[in-house]
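Undergrad: I'd like to ask you about the structure that follows.
Every number here is computed from the coordinates shown, using simple stated rules; none is lab data. Worth saying up front: this structure is predicted, and the values here are computed from it rather than measured. Cβ: placed from backbone, ideal geometry, glycine included. Neighbour counts: every protein chain shown.
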Amino acid sequence: MSSVRSRRGEKSMPDRQCKQIFAMLSEYLDGELPVKNCRQLERHLKGCRPCIAYLESLKTTVEACRRYKAPRAPALSKQAKAALLAAVRQVISIHLSE
């Protein structure tokens with residue numbers, strides 16, 4: 001697959017190398033990508049608008065996920081715990097008898 005270039009010669013759609021770069025971006029943002037791969041990725045990013053846009057989108061998503069605080073589930077009542085335990089035991093006994 002080759003990239004589609006605009007009249008200015010800039011890539012407007014990702015190519016095969018872009019797909020490889022996309023696969024490395026999470027590790028890159030987490031600081032887990034080997035130095036050799038970081039250099040390759042950074043060289044590619046200098047001239048690839050689709051990859052830069054994807055990186056910015058990924059950064060925004062990661063930041064939003066880090067800021068998100070999931071609400072704590074309310075504590076279960078003794079009756080709810082007992083019902084849940086009974087249901088789990090029933091499922092286990094069904095699977096053990098198969």
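Undergrad: Taking Cα extents along the principal axes in Å straight from the coordinates, which label in (i) 68, 37, 30; (ii) 44, 24, 20; (iii) 41, 31, 21 is the correct one?
TA: Comparing each candidate, only (i) matches the computed number.
Undergrad: Right, next: How much length is gained on full extension from VAL35 to GLN17, taking 0.36 nm per residue of separation minus their Cα-Cα distance?
TA: Here the segment from VAL35 to GLN17 would lengthen by 4.7 nm.
Undergrad: Is it possible to state the helix-based mean residue ellipticity at 222 nm for the chain, with each DSSP H run of 4+ residues giving -39500 (n - 2.57), the sum divided by total residues, to the nearest 500 deg cm²/dmol? What is it?
TA: Helix-only estimate at 222 nm: -21500 deg cm²/dmol.
Undergrad: How large is ³J(HN,Hα), in whole Hz, for each residue of region 46-58 in order, when computed from phi with the Karplus curve 6.51 cos²θ - 1.76 cosθ + 1.60 and θ = phi - 60°, using x for Gly and Pro?
TA: Values, residue by residue: 4, x, 10, 4, x, 6, 5, 4, 5, 4, 4, 5, 5 Hz.
Undergrad: Tell me, in nm to one decimal, what length is gained between ALA53 and ARG66 on full extension, where the rule is 0.36 nm per residue of separation less the Cα-Cα distance?
TA: Full extension from ALA53 to ARG66 adds 2.7 nm.
Undergrad: What does the highest-first list of 63-75, 16-28 look like by mean Cβ count within 10 Å?
TA: Taking the mean over residues of other Cβ atoms within 10 Å, the ranking is 16-28, 63-75.
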